[in-house]
Amino acid sequence: MPKEIEYKFLLKNDEWRNNLISSVFISQAYIKTAGARSVVRIRIVDSAQGLLTVKGNSNGASRDEYEYQIPLSEAREMMERLCDAGPVLKTRNYVKYSGHLWAIDVFDGDNCGLVVAEIELNSENEDFVKPPWLGQNITDDCRYSNFALAVKPYKSW
C-alpha cells in the first residue's frame with residue numbers, strides 16, 4: 001500500500017532560495033468525500049499535467065496515498081464541475097539540503113503570505129538534518145493541510 005510520510009515546517013527566512021533546484025506552479029482543488037475518511041485532490045502542474053490523488057487520514061506523519069496521472073482536460077473539467085472550494089495556488093520550489101529533497105510551497109491567491117517547507121521520507125524513523133531556515137514543525141496542525149487551506153484560506157485566519 002503506497003504511503004506518504006511527510007513533515008511540514010514554517011520557515012524562518014528565505015535562505016532556502018540559495019539551494020533552489022527548480023520550481024513548478026500548482027493549482028489544486030478537492031472533491032468532498034463522505035465521512036471524511038479520505039481526501040480526493042485534483043492537481044494541475046504548470047498548466048501541463050493533470051493528477052488525481054486519493055489520500056487517507058493522517059496517522060502522525062504517515063497516511064495512505066494513491067496518485068494517478070489523468071488527462072489535463074479532465075483535470076480542468078473535474079476542478080470546475082466537482083470541487084466546491086476554490087483552488088489552492090502555489091509555487092512549489094525544490095531544494096536539496098544534506099541529501100534530502102525539500103519542497104518549499106510559496107502560496108498565492110487567498111493563501112498569499114504563507115510559505116511551508118515539506119520533506120517526504122521513506123519511514124517515520126528516518127533521520128534528516130534540519131536546515132537553518134526551518135521554523136516551527138506544523139506536521140500535526142491540520143490548519144496547514146492544503147485541504148484545510150482550500151476550505152479556510154490563510155487570509156481568513
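At-a-glance table
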| quantity | calculated |
| --- | --- |
| Residue that is modelled with the lowest pLDDT [pool: residues in region 1-54 that are of a type in the set (K, R) and part of a strand (DSSP E or B)] | K3 |
| Only listed residue being in contact with a helix residue (DSSP H, G or I) (Cβ under 6 Å, 6 or more places away or on another chain), touching a residue at least 60 places away in the same chain (Cβ under 8 Å) and not charged (D, E, K, R), chosen from V24, V39 | V39 |
| Positions within region 8-45 being surrounded by 18 or more Cβ atoms within 10 Å (Cβ to Cβ) and over 16 Å from the mean Cα position of the chain (by Cα), in sequence order | W16 |
| Any hit, region 54-77, residues being β-branched (V, I, T) and over 22 Å from Y7 (Cβ atoms) | yes |
| Region 55-82, subset part of a loop (DSSP other than H, G, I, E, B) and over 13 Å from S38 (Cα atoms), residue farthest from the chain's Cα centre (by Cα) | P71 |
| Whichever residue in region 79-125 is of a type in the set (V, I, T) and in contact (Cβ under 8 Å) with a residue 40 or more places away in the chain and, among such residues, is surrounded by the fewest Cβ atoms within 10 Å (Cβ to Cβ) | T91 |
| Evaluation of P71 against (1) closer than 17 Å to F147 by Cα; (2) of a type outside the set (F, W, Y); (3) modelled with pLDDT of 95 or more (one fails), failing number | (1) |
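The values are calculated or read from the model by the stated rules, or taken from the named source; none is laboratory data. On a predicted model such as this, the values are computed, not experimentally measured, just so you know. Backbone-built Cβ (ideal geometry, glycine too); neighbour counts: all protein chains shown.
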